[in-house]
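*Asks:* Structure in structure tokens, see below.
Every number here is computed from the coordinates shown, using simple stated rules; none is lab data. Only a predicted model underlies this, so the values are computations on that prediction, with no experimental measurement involved. Quick reminder, even Gly has a Cβ in these numbers, built from the backbone with ideal geometry, and neighbours come from all protein chains shown.
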Amino acid sequence: MNKQLKFNRDFYKDIQFWLGLAVLIVGAGSMVSEHATNIYFWLNIAMVILGAVTVVDDLILHRKPAKN
């Protein structure tokens with residue numbers, strides 16, 4: 001079983017990448033105007049983390065294991 005991570009060269013063709021990038025940008029942009037005591041600040045941090053995970057996940061090429 002090959003467990004190496006491969007770079008997805010066609011990441012920009014996938015809608016998941018663009019949605020993750022949009023969530024990342026909107027979350028980071030909204031976080032600038034909020035205070036740390038506000039609940040929306042923490043929701044924006046969750047959005048940034050979710051966006052970053054989605055973008056990184058789409059940059060990695062996931063291969064299905066070969067059937068024997």
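*Asks:* In nm, give the distance between the simple-model label positions of Ser30 and Ile49, each being 7 Å from the Cα along the Cα-to-Cβ direction.
*Replies:* 1.6
*Asks:* Additional query: Using r as the Cβ-Cβ distance of Phe11 and Trp42, and R0 as 35 Å, what FRET efficiency do you calculate, to the nearest 0.05?
*Replies:* Working: r = 29 Å, r/R0 = 0.83.
Given R0 = 35 Å and the Cβ-Cβ separation, E is 0.75.
*Asks:* Let me ask something additional. Can you give the angle from 0 to 90° between the axis of helix 15-31 and the longest principal axis of the chain, with both taken from C-alpha atoms, to the nearest 10?
*Replies:* Long axis of 15-31 versus the principal axis of the chain: about 20 degrees.
*Asks:* Using Cα pairs under 8 angstrom and six or more residues apart, how large is the relative contact order of the chain, in percent?
*Replies:* Details: 69 pairs, mean separation 33.1, N = 68.
Result for the chain is 49 percent.
*Asks:* Next question. Apply the Karplus parameterisation 6.51 cos²θ - 1.76 cosθ + 1.60, with θ equal to phi minus 60°, to every residue of region 42-54 and state each ³J(HN,Hα) to the nearest whole Hz, in sequence, with x for glycine and proline.
*Replies:* Values, residue by residue: 6, 5, 5, 5, 5, 5, 5, 5, 4, x, 5, 5, 5 Hz.
*Asks:* Would you indicate which of (1) 6.0; (2) 3.5; (3) 8.4 is the value of mean projected area of the Cα convex hull in nm² derived from the coordinates of this structure?
*Replies:* Step by step, mean projected area of the Cα convex hull in nm² for this structure corresponds to label (1).
*Asks:* Let me ask something else. Pull up all non-local amide H partners of Leu61: gap of 5 or more, or a different chain, and H-to-H distance under 5 Å with H placed in the peptide plane.
*Replies:* The list, which skips near neighbours in sequence, is Lys6, Phe7, Asn8.
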